[in-house]
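S.K.: Please read through the structure below; I'll follow up with questions.
The values are calculated or read from the model by the stated rules, or taken from the named source; none is laboratory data. Please read all numbers here as calculations on a predicted model, not as lab measurements. Because the Cβ atoms are built from the backbone with ideal geometry, glycine has one as well, and the counts that use them run over all protein chains shown.
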Amino acid sequence: MFVTDSINPTLWRIPSGAAAGTAEPWLSFVGTPLVYQAGFNVNGIVETENGRYLIVSQLNTGRLFRIEKDTKEVTPIDLGGASVAGDGLELHGKTLYAVEPTGVATIRLDAGYASGTVVSRTTDPSFDFTTTAALARGRLLVVNSQFGRLGGTPVLPFTVSSIPAP
């Protein structure tokens, strides 16, 4: 299992069977094309079905990156100039759902996960600063964080929106 660090340029790995709380630095992004900047950087992460790659999103730059697990090579994913401020990521085959603060970007990736096309952006009146999602039975379950209310009073209960998968 891999864990992102939004502030420090490190990708963490929790070894299979490890005790709770055990994480080790697996990859430093220093010197790679993924350059950390001020603010929240790498958030979303998914592993491809073949287990060969990880895909991560850099929230504050709107970029996606592919990491080859065997070599730890970090490569920007070419989206043809489109920006995707992904927080949470969900991958189904070659369809990547990137949950942005205002909705969900749907990206069709190529066979090698090196490029893709943003095919849609979905919003819904029930969304409230969306952060991540899970795909279940053809529906996307989207978490509403209410981060837009930080420092204020949240509206209880917190909710999860259910929409047809775009």
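S.K.: Kindly evaluate Ile7 against the criterion of being farther than 17 Å from Lys69 by Cβ, aliphatic (A, V, I, L, M), surrounded by 11 or more Cβ atoms within 10 Å (Cβ to Cβ) and touching a Phe, Trp or Tyr at 6+ places or on another chain (Cβ under 8 Å).
M.R.: Yes: the conditions hold for Ile7.
S.K.: Can I ask one more? Mind listing whichever residues of region 147-163 are among the hydrophobic types (A, V, I, L, M, F, W, C) and either surrounded by 10 or more Cβ atoms within 10 Å (Cβ to Cβ) or farther than 18 Å from Thr132 by Cα (or both)?
M.R.: Matches in region 147-163: Phe147, Val155, Leu156, Phe158, Val160, Ile163.
S.K.: Moving on. Which of the residues spanning region 109-120 are in a strand (DSSP E or B) and touching an Asp or Glu at 6+ places or on another chain (Cβ under 8 Å)?
M.R.: Passing the criteria: Ser115, Gly116.
S.K.: Residue by residue through region 52-68, note down the ones that are of a type in the set (D, E, K, R) and either crowded, with 16+ Cβ neighbours inside 10 Å or in a strand (DSSP E or B) (or both).
M.R.: Arg63, Arg66, Glu68
S.K.: Here is a list of conditions, (1) on the phi > 0 side of the Ramachandran plot; (2) crowded, with 16+ Cβ neighbours inside 10 Å, and Gly39 meets all of them except one; can you say which number that is?
M.R.: (2)
S.K.: Return yes when Pro25 is touching a strand residue (DSSP E or B) at 6+ places or on another chain (Cβ under 6 Å), loosely packed, with under 15 Cβ neighbours inside 10 Å and part of a loop (DSSP other than H, G, I, E, B) and no when it is not.
M.R.: no
S.K.: Here's another thing I want to ask about it. What's the total number of residues in region 121-166 that are among the polar types (S, T, N, Q) and outside any loop (DSSP other than H, G, I, E, B)?
M.R.: Total satisfying the criteria: 7.
S.K.: Keeping to region 42-51, report how many residues are over 11 Å from Leu11 (Cα atoms) and surrounded by 14 or more Cβ atoms within 10 Å (Cβ to Cβ).
M.R.: Here the count works out to 4.
S.K.: Right, something else. Identify the residue in region 69-90 that is hydrophobic (A, V, I, L, M, F, W, C) and surrounded by 17 or more Cβ atoms within 10 Å (Cβ to Cβ) and, among all such residues, is nearest to Leu59 (Cα to Cα).
M.R.: Only one residue fits best here, namely Ala85.
S.K.: Could you check Leu79 against (1) modelled with pLDDT of 95 or more; (2) more than 22 Å from Ser120 (Cα to Cα); (3) of a type outside the set (Asp, Glu); (4) in contact with a strand residue (DSSP E or B) (Cβ under 7 Å, 6 or more places away or on another chain) and say which number it fails?
M.R.: Tallying (1) modelled with pLDDT of 95 or more; (2) more than 22 Å from Ser120 (Cα to Cα); (3) of a type outside the set (Asp, Glu); (4) in contact with a strand residue (DSSP E or B) (Cβ under 7 Å, 6 or more places away or on another chain), Leu79 fails exactly one: (2).
S.K.: Still on this structure, I have one more. Condition check: surrounded by 19 or more Cβ atoms within 10 Å (Cβ to Cβ) and either hydroxyl-bearing (Ser, Thr, Tyr) or touching a Pro at 6+ places or on another chain (Cβ under 8 Å) (or both). Does Asp128 satisfy that?
M.R.: no
S.K.: Just for region 91-105: of the residues that are of a type outside the set (A, V, I, L, M, F, W, C) and surrounded by fewer than 22 Cβ atoms within 10 Å (Cβ to Cβ), which one is nearest to Ala136 (Cα to Cα)?
M.R.: Per the criteria, the residue is His92.
S.K.: May I ask you to say which residue of Val84, Val56, Val74 is touching a Pro at 6+ places or on another chain (Cβ under 8 Å), within 24 Å of Gly31 (Cα to Cα) and touching a residue at least 24 places away in the same chain (Cβ under 8 Å)?
M.R.: Val74
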